[in-house]
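The values are calculated or read from the model by the stated rules, or taken from the named source; none is laboratory data. Because the structure is predicted, anything quoted here is derived from the model rather than measured. Every residue, glycine as well, gets a Cβ built from its backbone with ideal geometry; the counts of neighbours run over all protein chains shown. Ligands, DNA and RNA are stripped out before the accessible areas are found, and what is left, the full protein with its side chains, is counted by its heavy atoms. Shrake-Rupley method; radii C 1.70, N 1.55, O 1.52, S 1.80 Å.
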Amino acid sequence: MERKDKVRRLLLAGVGGQGILKASDMICTALMYEGLDVKKSEVHGMAQRGGSVTSHVLYGSKVFSPVAGRGEVDILIAFEILESLRYINYLKPTSKVILNDFRINPPVVNLGIMKYPEHIEDIWKEQVTSLEVIKAREIARKAGNFRSENVVMVGILARHLPVKREIWERVINESFSEDLRDVNIRAFQLGYSALPS
Amino acid sequence: MKALLSGNEAIARGAYEYGVRFGAGYPGTPSTEILEAFSKYEGVYAEWSPNEKVALEVGIGAALAGEKALVTMKHVGLNVAADPLFTVSYTGTNGALVIVSADDPSMHSSQNEQDNRNYAKFAKVPLLEPADSEEARRYVKIAFELSEKFDTPVILRTTTRVSHSKGIVELEEPTAYEDKRMIKPDVAKYVMVPAMARGRRHEVEKRLRALKEYANTCPENRIEMADPEVGIITAGMCYNYAKSVFPDYSYLKLGLVYPLPERLIRDFASRVKKLYVIEELDPFIEEQVKAMGISVVGKEIFPYAGEFDPGIIYEAITGKKNITLTPPEIEIPPRPPNLCPGCPHRGIFYVLGKLQVFVTGDIGCYTLAFMKPLEGLHSCICMGASVSMAHGMSKALKEKGRGKIVGVIGDSTFLHSGITPLIDIVYNKGEAVIVICDNRTTAMTGMQDHPGTGFTLQQELTKAVNYEELGRVLGLDSVRVVDPYDLKETEDVLKEELSRAGSSLIVSRRACVLYRREKVKQESLWVDEEKCVGCRQCLNVGCPSLSWIDFSDLPEGAYKKITKKQKGRALIDADSCTGCSICAQLCSKKAILRKG
Ligand SMILES: Cc1ncc(C[n+]2csc(CCOP(=O)(O)OP(=O)(O)O)c2C)c(N)n1
């Protein structure tokens, strides 16, 4: 469908515990500080217990819906390989995909009932023209704490968002307690510069 | 000042801005964060009540004493609180009373999908429905205004999408608290014996007529005329979905969803060619509009179940679908929510799954134990039902059921509605074994305190219910305590209690791994490659930290076989393992060891 609004739609997807909701909060706050209208949506509750987690972020001059429909997402930010595939029908041929090369086995795989699908990266290569693959957890470990994986992902996404660097720094400072700020600033920077832009 | 707030945070903010200083509720997704946010404001009294009925009655008490009271719950909570709701509609509210009902279309975390707009019509009280965070902030104030002006409880209905979406909110200066507290008996108004209730019954109808009149002029019921070809009547989140796909159509956006503004609806209908009602769940608005004799398209084309999104609305009206990428032809393994690594529920349900018993379950994190591989829970209806159902089952089965029925309930759920049925077991000489999974918190909804934790919502120290003493006082024949991290003890005690005559209560006590007050840091475990024979025993506890390495996925030489037939081995993720050792207790080869 042709959309008259200039709203951009992001979809963050991953596994409960990866810090996705925190990441989308940071993204929204940064966009708000840039003076844009922004809405986000996610479902808490059951999702927190290691299940699939998504967060929609929509921004522009005026945003109505806090969720994207199928075929509407501009950028998918997948925190886990398999989870990227679960939402493929939210994407269109012009969508960008940012993929964290990290695997978390779902219970059925651990129990040997199903196999973890292989070659997901290749599937994406066939479907979209813009695919960025990053090892966010490793980078986060380098920054000082594997839990900053989410901030590494925000860093790599930041290259595609209309937000100034100093605003990102302000958001990170506001999002973490003092003892975690430096690690996360480092994680953001390493994410930001992990790939050529 | 601008802030990015969730719908729930915005409701709390709006109430505070309006001068509300009294709140009560019981947690329940998607409503929980309202009271949590509200409780943190200066000068506020807010409490987690043991259940929604109590919360509403606490709110009614406060309102009759002249306060403005905010009461919050999820949609099914209003079933529990329905009894006082229907009669406080008759008495009116003196101060002010707003009940937030957070509905959950699509049942993201609920056992049913009921549409609580029906309660407004049923109980004859007004209902407002915001579409986003900014409206949530404003509407809660309107709700309090209406309550004060019309002496009625008001329902503010949200859905998961409104409660849990965030948007930009324009904060206002809070108005100062106005002390209107009083003690003023008025038996004709507040003693609902038949003679007085009959009188109040007519007041309710009068009030409803006045509210219907008000609805036509309520500024939140607004016509947005654009293209007169298509008119859409909608409310709440559906308005945003529709606006995002059809920005050029005409809209009648309803803020007050009950009672409906009939004149406004007729006026709007006369100005557009084709009229739609867009609403999730029941045809609540649609049926009333049709009853006005207005022709309108609704559930003929829109789904009656599940939440909508922009695409669903676009497709229903235009018949066209967005172009999307095509899912590859591979099976994508599901990833349902799971018990956390180190969850104490894992121990008790592992044991229950092994014993050949029917487990009447309840609602909480532990409900997840119905899944493979634990399969330790066999029913879930509503809060408290585990205890009464276990009793009913064992009474029906008589000797056939002896030693085979266990009712399992979480600590918060037990205090919510498990005590009354426990009394029933004792009173009617039941035989069921009841287990309280006491993880010291309300985990499922995000770690709220409750009457068993020793802390109030506002983090004051208080008394804590002692389940063992309670069980003894109620008259249970046997009361035991187990540590669910100790599989042997747990199994032994369960077997003993199942084999004895009479009623028994087992408290399975171990704090939730996420519980902030009793966090114990233990070293994580690891699997010794030299000892693991790949028997998969440990995987039967379904811990997310444990995974299976299939040797066929590895290059030759990258693994070591201990037995000839070995196909793989277990692996523990050190990042997430909490060292609870439940898996290690199952390892016959002692291959699971503690780090350090
Ligand atoms: C009437 C009603 N109110 C609220 C809820 C939401 N809810 C689901 S489970 C739960 C509490 C679970 O706490 P607990 O029993 O302690 O178990 P835990 O999650 O800690 O294992 C609540 C409040 C509900 N389903 N029904």
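For the protein assembly as shown, with equal point scatterers placed on the C-alpha atoms only and solvent neglected, what are the log10 I(q)/I(0) values from the Debye formula at q = 0.10 1/Å, to two decimals?
-1.15
Would you mind classifying segment A:49-187 by shape? Square roots of the alpha carbon gyration tensor eigenvalues, ordered a ≥ b ≥ c; an a/c under 1.5 is rounded, otherwise it is prolate if a/b is larger than b/c and oblate if not.
In terms of gyration-tensor shape, oblate.
Loop only per DSSP, at most 10 neighbouring Cβ atoms within 10 Å: give me the trypsin sites (Lys or Arg not before Pro) in segment B:452-552, ordered by residue number.
Here the sparse-neighbourhood loop sites are B:K463, B:K521.
Can you give the calculated 222 nm mean residue ellipticity of chain A, where each DSSP H run of n ≥ 4 adds -39,500 (n - 2.57) and the sum is split over every residue, rounded to the nearest 500 deg cm²/dmol? Walk me through the numbers on the way to the answer.
Working: 8 runs with 76 residues, N = 197.
After summing the helix terms and dividing by residue count, I get -11000 deg cm²/dmol.
Which sequence of B:F284, A:F64 reflects their accessible areas, 1.4 Å probe, from the largest down? Present the calculation step by step, with values, prior to reporting the outcome.
Details: B:F284 10, A:F64 50 Å².
From most accessible down to least: A:F64, B:F284.
May I ask you to derive the FRET efficiency for B:A65 and B:K565 from their Cβ-Cβ distance with R0 = 51 Å, giving the value to the nearest 0.05?
On the way: r = 74 Å, r/R0 = 1.46.
That pair, B:A65 with B:K565, gives E of 0.10.
Compute the semi-axes of the equivalent ellipsoid of segment B:514-583, taking the square root of 5 times each eigenvalue of the Cα gyration tensor, and list them largest first in whole Å. Provide the component values of the computation, followed by the final result.
Working: eigenvalues 154, 25, 20 Å².
Equivalent-ellipsoid dimensions as semi-axes: 28, 11, 10 Å.
Step through the table entries A:K92/B:K372; B:K404/B:K567; A:K62/B:K180; B:K299/B:K372; A:K115/B:K521; B:K141/B:K184, compare each Cα-Cα distance with 30 Å, and write down the pairs that go over it.
A:K92/B:K372; B:K404/B:K567; A:K62/B:K180; B:K299/B:K372; A:K115/B:K521
Could you give each residue of segment B:435-447 its phi-based ³J(HN,Hα) in whole Hz, using Karplus coefficients 6.51, -1.76, 1.60 with θ = phi - 60°, and x for Gly or Pro?
Here the 3J(HN,Hα) series is 10, 9, 7, 8, 9, 6, 6, 9, 6, 3, 8, x, 6 Hz.
Evaluate the charge dipole of the protein assembly as shown about its Cα centre and quote only its size in Debye, nearest 20, assuming +1 on the Cβ of each Lys and Arg and -1 on the Cβ of each Asp and Glu. It would help to have the intermediate numbers written out before the result.
Values: 103 positive and 101 negative charges, 197 e Å.
Here the size comes out at about 940 debye.
Contour minus end-to-end for B:L355 and B:N428, with contour as 0.36 nm per residue of separation and end-to-end as the Cα-Cα distance? Let's see the in-between values first.
On the way: separation 73, 0.36 × 73 = 26.28 nm, distance 2.61 nm.
This chain segment gains 23.7 nm when fully extended.
Please name which of B:G19, B:L208, B:A96 has its Cα lying farthest along the dipole of segment B:2-215 towards the positive end, using unit charges on Cβ (Lys, Arg +1; Asp, Glu -1) and the Cα centre as origin.
Farthest towards the positive pole: B:L208.
For segment B:432-484, would you read off the P(r) tail past 13 Å as a percentage of all alpha carbon pairs? Numbers along the way, then the final one.
On the way: 888 of 1378 pairs.
Across segment B:432-484, Cα pairs with separations above 13 Å total 64 percent.
Give a residue-ordered list of calculated ³J(HN,Hα) values for segment B:75-81 (Karplus: 6.51 cos²θ - 1.76 cosθ + 1.60, θ = phi - 60°; whole Hz; x for Gly, Pro).
4, 5, x, 5, 5, 5, 8
Tell me the label-point distance for the pair B:K180, B:F551, using the 7 Å Cα-to-Cβ offset, in nm and rounded to one decimal.
Between B:K180 and B:F551, the simple spin-label model gives 7.8 nm.
What's the extension gain from B:I323 to B:R472 if we count 0.36 nm per residue and subtract their Cα-Cα distance?
Details: separation 149, 0.36 × 149 = 53.64 nm, distance 6.43 nm.
Extra length available between B:I323 and B:R472 comes to 47.2 nm.
Would you please give the residues with an amide H less than 5 Å from that of B:T158, counting only those at least 5 places away or on a separate chain, with H modeled from the backbone geometry?
Amide H neighbours of B:T158, under 5 Å, 5+ apart: B:S101, B:A102, B:D103.
Over chain B, what is the percentage of antiparallel beta bridges among all DSSP beta bridges, to the nearest 5? Each step should come with its number before you reach the end.
Working: 20 of 75 bridges.
DSSP beta bridges in chain B are roughly 25 percent antiparallel.
Based on the Kirkwood radius over alpha-carbon pairs, what is the Stokes-Einstein translational diffusion coefficient of chain B at 10 °C with 1.306 mPa s viscosity, in µm²/s?
Values: Rh = 26.7 Å.
The calculation lands on 59 µm²/s.
Per residue of chain B, what 222 nm ellipticity follows from adding -39500 (n - 2.57) for every DSSP H run with n ≥ 4, rounded to the nearest 500? Could the numbers behind the result be given before it?
On the way: 21 runs with 205 residues, N = 596.
Mean residue ellipticity, 222 nm, calculated: -10000 deg cm²/dmol.
Just to be sure I understand the curve: with the Debye formula and one point per C-alpha of segment B:345-509, what is log10 I(q)/I(0) at q = 0.16, 0.17, 0.19 Å⁻¹?
-0.83, -0.95, -1.20
Report the label-to-label distance for B:T462 and A:E174 in nanometres (one decimal), using points 7 Å from each Cα along the Cα→Cβ vector.
Rounded to a tenth, the inter-label distance reads 3.4 nm.
Take the solvent-accessible surface of the protein heavy atoms, probe 1.4 Å, and return the percent of it on chain B that carbon and sulfur atoms account for. Don't skip to the end; give the middle numbers.
Numbers: 13060 of 24110 Å².
Looking at chain B in its full context, I get 54 percent from C and S.
Can you give me the long-range amide H partners of B:V507? Hydrogens built in the peptide plane at 1.01 Å from N, cutoff under 5 Å, separation of 5 or more residues or another chain.
Those qualifying (amide H under 5 Å, at least 5 residues apart or on another chain) are B:I436, B:R480, B:V481, B:V482.
Taking each residue of B:235-242 in turn, how many C-beta atoms of other protein chains fall within 10 Å of its C-beta, and what is the average?
Numbers: counts 0, 0, 5, 1, 2, 6, 5, 2.
Average per residue, whole number: 3.
May I ask you to list the GluC sites (Glu not before Pro) in segment B:460-499 that are in a DSSP loop and have at most 15 other Cβ atoms within 10 Å of their Cβ?
When the GluC sites (Glu not before Pro) of segment B:460-499 are filtered for loop state and at most 15 Cβ neighbours within 10 Å, B:E460 remain.
In vacuum, with every alpha carbon of segment B:222-325 counted as one equal point scatterer, what does the Debye formula give for log10 I(q)/I(0) at q = 0.09, 0.12, 0.20, 0.21 Å⁻¹? Two decimals, please.
Results for segment B:222-325 at q = 0.09, 0.12, 0.20, 0.21 Å⁻¹ read -0.20, -0.35, -1.01, -1.12.
How large, in percent, is the carbon and sulfur part of the accessible surface of segment A:57-115 at a probe radius of 1.4 Å? Don't skip to the answer; put the middle values down first.
Values: 950 of 1690 Å².
In segment A:57-115, the share of accessible area belonging to carbon and sulfur is 56 percent.
Pairs of Cα atoms under 8 Å, at least six residues apart: use those to get the relative contact order of segment A:1-108, whole percent. List each step's numbers first, then the result.
Working: 215 pairs, mean separation 32.7, N = 108.
Answer for segment A:1-108 is 30 percent.
With θ set to phi - 60°, apply the Karplus curve 6.51 cos²θ - 1.76 cosθ + 1.60 along segment B:154-171 and write out the HN-Hα couplings as whole Hz, x wherever there is a Gly or Pro.
Result, rounded to whole Hz: 10, 9, 9, 9, 10, 10, 3, 5, 7, 4, 9, 8, 10, x, 7, 10, 9, 6.
About the Cα centre, and with charges only on the beta carbon of Lys, Arg (+1) and Asp, Glu (-1), how big is the dipole of segment B:345-509? Nearest 20 debye, please.
Working: 17 positive and 19 negative charges, 105 e Å.
Computed charge dipole of segment B:345-509: roughly 500 debye.
Residues with amide H under 5 Å of A:E132's amide H, sequence separation 5 or more or different chain, H placed in the peptide plane at 1.01 Å from N; which?
A:V97, A:I98, A:L99
How long, wide and thick is segment A:129-197, going by the Cα atoms along their three principal axes, in whole angstroms, largest first?
Dimensions of segment A:129-197 along the principal axes of its Cα atoms: 40, 26, 14 Å.
For A:I113, project a label point 7 Å along Cα to C-beta. Then give me every residue of segment B:330-367 with its amide nitrogen under 11 Å of that point.
The answer is B:334-336.
Tell me which of B:V169, B:A37, A:L82 sits at the most positive position along the dipole axis of the protein assembly as shown, charges placed on C-beta atoms (Lys, Arg +1; Asp, Glu -1).
About the Cα centre, the residue reaching furthest to the positive side is A:L82.
Ratio to report: Rg/Rh of segment B:2-215, with Cα atoms as the point set and Rh obtained by the Kirkwood method; give two decimals.
Working: Rg = 16.0 Å, Rh = 16.9 Å.
Over the Cα atoms of segment B:2-215, Rg/Rh equals 0.95.
Only four residue types carry charge here, +1 at the Cβ of Lys and Arg and -1 at the Cβ of Asp and Glu. Report the dipole size of segment A:8-193 about the Cα centre in Debye, rounded to the nearest 20.
That gives a dipole near 160 debye.
Toward the positive end of the charge dipole of chain B, about the Cα centre and with charges on Cβ (Lys, Arg +1; Asp, Glu -1), which of B:G306, B:A123, B:A443 goes farthest?
Result: B:A443.
Using Cα atoms only, what is the angle between the long axis of helix B:345-354 and the major principal axis of chain B, expressed in degrees (0 to 90) to the nearest 10?
Here the helix axis deviates by roughly 60 degrees.
In segment B:537-596, which trypsin sites (Lys or Arg not before Pro) are in a loop and have at most 10 other Cβ atoms within 10 Å, using DSSP for the loop call?
Qualifying residues, ordered by number: B:K564, B:K565, B:K590.
Helix B:262-271 against the longest principal axis of chain B: what's the angle in degrees, Cα atoms only, rounded to the nearest 10?
Helix B:262-271 sits at roughly 80 degrees to that axis.
Given just the C-alpha atoms of segment A:83-148, how large is their convex hull per residue in cubic angstrom?
Values: hull volume 7.1 nm³, N = 66.
Looking at segment A:83-148, the number lands at 108 Å³ per residue.
Please report, in cubic angstrom per residue, the volume enclosed by the convex hull of the alpha-carbon atoms of segment B:104-258.
On the way: hull volume 25.7 nm³, N = 155.
Each residue corresponds to 166 Å³ of Cα convex hull volume.
In nm, to one decimal, how far is the modelled label at B:K2 from the one at A:K164, with both set 7 Å along Cα→Cβ?
1.4 nm
Assuming R0 = 25 Å, can you tell me the calculated FRET efficiency for the pair B:D575 and A:S130, based on Cβ-Cβ distance, to the nearest 0.05? All intermediate terms of the calculation are to be shown ahead of the outcome.
On the way: r = 30 Å, r/R0 = 1.21.
The computed FRET efficiency comes out at 0.25.
Just want to confirm a number: the relative contact order over segment A:37-175, from Cα pairs under 8 angstrom separated by 6+ residues, in percent.
Values: 177 pairs, mean separation 22.8, N = 139.
Once normalised by length, the contact order is 16 percent.
Please return the longest stretch of chain A lacking exposed loop sites, where GluC sites (Glu not before Pro) count only if DSSP places them in a loop and at most 15 other Cβ atoms lie within 10 Å.
Numbers: sites that count: A:E2, A:E34, A:E118.
For GluC sites (Glu not before Pro) (loop position, at most 15 other Cβ atoms within 10 Å), the longest site-free span of chain A is A:35-117.
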